[in-house]
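Have a look at the structure below before the remarks.
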Amino acid sequence: MSLRGTCREVGDIAIVDFSGKITLGEGSATLRQTVKDLVGQGKKKILLNLEDVDYIDSSGIGELVGAYTHVRSAAGELKLMQLTKRVKDLIQITRLFTVFDVQSDEPAAISAFRPK
Amino acid sequence: MEVTLDTQLESVDLAENIVTRVAEAAGFGEDDLHKLGMAVREGVINAYNYGNCQDKRKKIHLALELEPEMLVVHIVDEGCGFELSEIDDCLAEENLLRTSGRGLFLMRAFMDDLAVRRGPTGGADLVLSKKLPHPVSGNGKSQT
């Protein structure tokens with residue numbers, strides 16, 4: 001399996017710890033289905049932990065964007081945390097830093113969900 | 001070196017592995033290997049999805065050329081071809097939330113040169129070039 005996701009909760013935030021590759025095919029599909037399931041369960045705050053995702057291609061980036069818009073259309077929030085350098089560089093050069101809220105660690109990410 | 005790939009998802013990983021092995025033998029470091037692999041991956045994905053429209057009857061042709069100063073990779077599909085000017089800017093504000101359309105941009109970002117030519121059967125011939133870390137001199141010896 002190219003991508004594994006383990007779900008847990010911290011308060012009302014659903015955290016998915018992913019490991020592997022988010023690439024065209026199985027990896028992208030796993031990401032898509034995981035977020036879709038969480039939205040289906042009524043989760044409004046979803047945090048994707050990408051610390052152990054060492055590889056993502058343009059299809060994977062597309063799935064992240066798709067996940068973001070899917071959660072947003074359900075009046076929820078999706079954030080990313082602990083990106084590896086390579087994934088962070090890709091998010092940077094594709095200007096998706098202007099779309100995603102990317103946090104460096106879990107405490108910061110959890111704090112970012114609090115209303116301002 | 002030329003390889004004919006089937007139009008299937010597995011060919012994406014296969015092409016990436018072939019090119020990174022050749023590039024590693026040519027002396028590219030880890031960072032460049034990653035960039036080369038990603039660029040080839042994106043090129044074959046495009047050939048699979050857009051060039052050959054996932055038609056299993058069609059093939060994807062991968063060719064590698066080791067020139068004195070460059071590694072050149074050709075990814076040729078059996079589709080209808082396209083012009084780079086037709087491709088939307090994935091960095092434009094109105095396109096940021098699109099779930100596709102970043103492949104060519106990433107190829108250009110990771111390679112030193114990208115060109116699109118017409119392939120022998122009318123499909124696209126993506127030409128990806130990257131400067132060798134140690135150019136080869138006229139007598140076949142690398143220059144450091």
Q. Toward the positive end of the charge dipole of the protein assembly as shown, about the Cα centre and with charges on Cβ (Lys, Arg +1; Asp, Glu -1), which of B:Leu9, A:Phe113, A:Leu96 goes farthest?
A. A:Phe113
Q: For the stretch A:90-100, take each phi angle, set θ = phi - 60°, evaluate the Karplus expression 6.51 cos²θ - 1.76 cosθ + 1.60, and give the result in whole Hz per residue in order, putting x for glycine and proline.
A: 5, 4, 5, 6, 8, 6, 7, 5, 7, 9, 7
Q) How many angstrom lie between the C-alpha centres of the stretch A:1-49 and the stretch B:36-65? A) 29
Q) Cα gyration tensor of the stretch A:65-116, axes a ≥ b ≥ c as square roots of the eigenvalues: rounded (a/c below 1.5), prolate (a/b > b/c) or oblate? A) oblate
Q. Applying the Karplus parametrisation 6.51 cos²θ - 1.76 cosθ + 1.60 with θ = phi - 60° to the phi angles of the stretch A:103-115, what ³J(HN,Hα) value in whole Hz is obtained for each residue in order, glycine and proline being reported as x?
A. 10, 7, 8, 5, x, 5, 5, 5, 4, 5, 7, 5, x
Q. Translational D (Stokes-Einstein, µm²/s) of chain B at 25 °C and 0.890 mPa s when Rh comes from the Kirkwood sum over C-alpha pairs?
A. 158
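Values in this text are rule-based calculations from the coordinates and carry no lab data. Everything numeric here is computed off the predicted structure, so don't read it as measured data. For neighbour counting, all protein chains shown are included, and Cβ atoms are generated from backbone atoms with ideal geometry for every residue, glycine included.
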